[in-house]
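**Q** First, the structure itself, so that you have it in front of you.
The values are calculated or read from the model by the stated rules, or taken from the named source; none is laboratory data. All figures in this text were calculated on a predicted structure; none of them were measured in a lab. Here the Cβ positions follow ideal geometry from the backbone for every residue, glycine too, while neighbour counts run over all protein chains shown.
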Amino acid sequence: MDKDILFEKTKLAILAYCIEDWTSLYFVPSFVEQFYRFEDSELIKIKSLAIIKNLLDEKLVVAGDLINNKFIPWKMSINETLKRIKSDWENLLKDLVVLHGFFPA
């Protein structure tokens with residue numbers, strides 16, 4: 001299957017999942033793994049970050065945190081947002097922080 005089609009299918013599945021409410025970034029790698037069948041966690045992370053960047057670039061989602069059951073958008077550039085997500089992912093030595101997420105734009 002063409003990689004661009006997989007990218008778009010994965011992106012659409014993520015958007016369908018988060019269309020009505022806040023969605024944890026934790027779900028992005030699970031969609032990437034499902035559609036791409038990657039077993040390598042580094043490949044999953046690279047593709048997940050590319051999809052997150054694309055969603056942000058196209059203004060389809062807004063990144064932020066869920067605090068006291070309220071979504072608080074991050075007030076930073078897309079590059080800063082991606083650096084924060086990548087840093088948190090790597091420094092926490094586990095999956096993405098459950099409270100980081102995005103909301104439909």
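**Q** Suppose we filter the range 1-22 for residues that are of a type in the set (A, V, I, L, M), within 28 Å of Lys70 (Cβ to Cβ) and modelled with pLDDT of 90 or more; how many remain?
**A** Our first condition is that a residue be of a type in the set (A, V, I, L, M); within the range 1-22, this holds for 1, 5-6, 12-16, 19.
Still in the running and within 28 Å of Lys70 (Cβ to Cβ): 12-16, 19.
Now narrow it down to the ones that are modelled with pLDDT of 90 or more: 12-16.
So the answer is 5.
**Q** Restricting to the range 40-75, count the residues that are over 21 Å from Ser30 (Cα atoms), of a type outside the set (A, V, I, L, M) and in contact with a Leu (Cβ under 8 Å, 6 or more places away or on another chain).
**A** Counting residues in the range 40-75 that are over 21 Å from Ser30 (Cα atoms), of a type outside the set (A, V, I, L, M) and in contact with a Leu (Cβ under 8 Å, 6 or more places away or on another chain) gives 0.
**Q** So Ile72 ticks every box in (1) in contact with an Asp or Glu (Cβ under 6 Å, 6 or more places away or on another chain); (2) surrounded by 15 or more Cβ atoms within 10 Å (Cβ to Cβ); (3) not basic (Lys, Arg) but one. Which box is left unticked?
**A** (2)
**Q** While we're on this one: If a residue must be under 13 Å from the mean Cα position of the chain (by Cα) and assigned to a strand (DSSP E or B), how many such residues does the range 49-69 contain?
**A** Qualifying residue count, the range 49-69: 5.
**Q** For residues in the range 17-37 being more than 16 Å from Ile5 (Cα to Cα), free of Cβ contacts under 8 Å to residues at least 24 places away in the same chain and touching a helix residue (DSSP H, G or I) at 6+ places or on another chain (Cβ under 8 Å), which is surrounded by the fewest Cβ atoms within 10 Å (Cβ to Cβ)? Show your work before the answer.
**A** Narrowing the range 17-37 to residues more than 16 Å from Ile5 (Cα to Cα): 17-30.
Applying the additional criterion that residues be free of Cβ contacts under 8 Å to residues at least 24 places away in the same chain yields 17, 27, 30.
Remaining after also requiring touching a helix residue (DSSP H, G or I) at 6+ places or on another chain (Cβ under 8 Å): 17, 27.
Values: Tyr17: 14, Phe27: 19.
Only one residue fits best here, namely Tyr17.
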